[in-house]
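Report on the structure given below.
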Amino acid sequence: MPSESQPNAGARQPDGGRPPVADRLDDNHFPAYTMGRAAELVGVTPAFLRALDGTGLITPTRSDGGHRRYSRHQLKLAARVRELVDQGTPADAACRIVGLEERLEQVERDYEELRRQGGSAAHQHQ
C-alpha cells in the first residue's frame, strides 16, 4: 500500500502498462532520485534521509536492487525537516510537525473538493 508521501506509487495505466515517460517526469510522486542525488539536492547526508525513513515520514520506493528512490514530493518534505532542524527544532519534533502540515494540507484539499462537489450538487437541485 502506498504511503501518504507516495499516493501514486505503483499506479498503473488502464492497459496495465507504465505511464508514458513524459507523464512520470511531471509526477511529483515519481521516485526519480537516488539516495545520493536526493541528499545532495536537499543538502543533507544519506544518513539524514535514512533517519527520515525510520520515522515513517518518508518511505522511499525501492528499486529492483533494493536501492532507495525518492520523489520530488519526498525531497520537499525532507527539505522542510532540514529547515526546522536548522532552526533548532529536534529532528523527531520536526518530523511530527511536517507530518501534521502534510495532513492539514490534505484535509484542506479534501474540504475544497467537497465544497466544489456540494456547490455543483446545489446547482443541480435548483
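The values are calculated or read from the model by the stated rules, or taken from the named source; none is laboratory data. Just so we're clear, the structure is a prediction, and the values are computed from it rather than from any experiment. Counting neighbours? That spans all protein chains shown, and the Cβs are built from the backbone with ideal geometry, glycine included. SASA here: full protein model, heavy atoms, side chains in, ligands and nucleic acids out. Shrake-Rupley method; radii C 1.70, N 1.55, O 1.52, S 1.80 Å.
Among the residues of the range 105-121, are any open to solvent by 40 Å² or more (accessible area, probe 1.4 Å), at pLDDT below 95 and in a loop (DSSP other than H, G, I, E, B)?
no
Among the residues of the range 23-44, write down those that are touching a helix residue (DSSP H, G or I) at 6+ places or on another chain (Cβ under 7 Å) and β-branched (V, I, T).
Quick first cut of the range 23-44, residues touching a helix residue (DSSP H, G or I) at 6+ places or on another chain (Cβ under 7 Å) only: 28-30, 33, 35-36, 38-39, 41-44.
Within the range 23-44, V42, V44 meet the criteria.
Being more than 12 Å from the chain's Cα centre (by Cα), of a type in the set (A, V, I, L, M), within 25 Å of R24 (Cβ to Cβ) and open to solvent by less than 60 Å² (accessible area, probe 1.4 Å) is the requirement here; does A39 meet it? Spell out the reasoning first.
Details: more than 12 Å from the chain's Cα centre (by Cα): yes; of a type in the set (A, V, I, L, M): yes; within 25 Å of R24 (Cβ to Cβ): yes; open to solvent by less than 60 Å² (accessible area, probe 1.4 Å): yes.
Spelling it out, A39 is indeed more than 12 Å from the chain's Cα centre (by Cα), of a type in the set (A, V, I, L, M), within 25 Å of R24 (Cβ to Cβ) and open to solvent by less than 60 Å² (accessible area, probe 1.4 Å).
Hey, can you tell me all the residues within the range 27-58 that are over 17 Å from E101 (Cβ atoms) and of a type in the set (S, T, N, Q)?
Across the range 27-58, the qualifying residues are T34, T45.
Can you confirm whether the range 51-66 contains a residue that is touching a residue at least 12 places away in the same chain (Cβ under 8 Å), in contact with a Ser or Thr (Cβ under 7 Å, 6 or more places away or on another chain) and open to solvent by 80 Å² or more (accessible area, probe 1.4 Å)?
No, the range 51-66 has no match at all.
Hey, among the residues in the range 67-104 that are open to solvent by 50 Å² or more (accessible area, probe 1.4 Å), acidic (D, E) and closer than 12 Å to L57 by Cα, which one's farthest from the chain's Cα centre (by Cα)?
This residue is D92.
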